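First comes the structure, then the notes that go with it.
The values are calculated or read from the model by the stated rules, or taken from the named source; none is laboratory data. Note that the structure is a prediction, hence the values are computed from the model and not measured. Here the Cβ positions follow ideal geometry from the backbone for every residue, glycine too, while neighbour counts run over all protein chains shown.
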Amino acid sequence: MRNQCDRVVAASVSDGIDMRFNGELWLVERLRGTVRTFVDVGANVGDWTEAMLRRHERAVGFCFEPSPSALAVLSPRALSWPTVRVVPKAVSDEEGVMDFCDLGDAAQTSGAADVLGDSGGKGAVIEVPAVTLDRELERLGVLDVDLLKIDAEGLDWRVLRGTAGLLSRGRVRVVQFEYGDGWARSGGTLWSIVALLSRCGYGVRLLRSSGLTPVNLEALGEFFAYSNFVAFRKGEERALGVEP
């Protein structure tokens, strides 16, 4: 019964991982012409960034990616994007180093070794530099971010905690982040992150192929199924097609 319920919940919150059909491109299109600065945390080989630049040609972007095999593809690819800077670092809620498992071949599921657990057994565990967006964006001279996209393989909640300073000051306009079973392994909860975002003055909606929809966390509970959420500053409701 529990497994059946989990499958029903998972089907109700996600349209799959393909950004063409799961709402990610809908969000990029919806913001067309209004993004001046974006940040891509967990950029992998840059597919999302390329999609952004096709619709926001003059936008300045920062791609954070710690995986050596992904960087081997992303870095030369980024040479054709004059407004984009690649930052070869992991992002979390503390600065220092992180044990990172690179599964090779620019795998999208490479990530923090303690989050991957047994599934990372075939990867190479290396130490990578870890930063917070609060500190790193300050060092880079970035004052405001129009769109922050986070795909950190279970550490999205830590990335958001490390961005709390910027969020509390309203310096980030829109945030897209991924939620899933990696949160359970890393000790994160959607409840705590929605609470953090709410305290910072942000609304939160579930991202689907058709746009942004309300989500009833009291009904769903902490479901740990793949899904994407969008947080937005007060005043952005109309731009995102959200009812106040």
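Tabulated data for the structure shown
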item: Pair list, Cβ under 6 Å, 6 or more apart: the stretch 91-102 residue in contact (Cβ under 8 Å) with a residue 40 or more places away in the chain and surrounded by 15 or more Cβ atoms within 10 Å (Cβ to Cβ), other residue among the aromatic types (Phe, Trp, Tyr) and assigned to a strand (DSSP E or B); result: VAL91/PHE64
item: Criterion: out of contact with any Leu (no Cβ under 7 Å at 6 or more places or on another chain), assigned to a strand (DSSP E or B) and at pLDDT 95 or above - qualifying residue of GLY188, GLY170, GLY203, GLY165; result: GLY203
item: Residue among PHE224, PHE232 that is surrounded by 15 or more Cβ atoms within 10 Å (Cβ to Cβ) and within 18 Å of GLU24 (Cα to Cα); result: PHE232
item: In the stretch 235-244, the residues that are assigned to a loop (DSSP other than H, G, I, E, B), over 16 Å from VAL145 (Cβ atoms) and not β-branched (Val, Ile, Thr); result: GLY241, GLU243, PRO244
item: Residue check for GLY33: of a type outside the set (Phe, Trp, Tyr), modelled with pLDDT under 95, part of a loop (DSSP other than H, G, I, E, B) and over 18 Å from the mean Cα position of the chain (by Cα); result: yes
item: Filter pass, LEU143 being closer than 25 Å to GLY241 by Cα and hydrophobic (A, V, I, L, M, F, W, C); result: no
item: Test: ALA51 is farther than 22 Å from GLY165 by Cα, crowded, with 18+ Cβ neighbours inside 10 Å and either free of Cβ contacts under 8 Å to residues at least 60 places away in the same chain or in contact with a helix residue (DSSP H, G or I) (Cβ under 8 Å, 6 or more places away or on another chain) (or both); result: no
item: Residue count for the stretch 40-65, restricted to those that are among the small types (Gly, Ala, Ser), outside any loop (DSSP other than H, G, I, E, B) and under 22 Å from GLU136 (Cα atoms); result: 1
item: Any hit, the stretch 15-29, residues being closer than 23 Å to MET98 by Cβ, modelled with pLDDT of 95 or more, surrounded by 22 or more Cβ atoms within 10 Å (Cβ to Cβ) and under 14 Å from the mean Cα position of the chain (by Cα); result: no
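Here is a yes/no grid of residues against (1) surrounded by fewer than 16 Cβ atoms within 10 Å (Cβ to Cβ); (2) aliphatic (A, V, I, L, M); (3) in contact with a Phe, Trp or Tyr (Cβ under 9 Å, 6 or more places away or on another chain):
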site	(1), (2), (3)
GLU138	yes, no, no
ALA152	no, yes, yes
GLY162	no, no, no
GLY201	yes, no, no
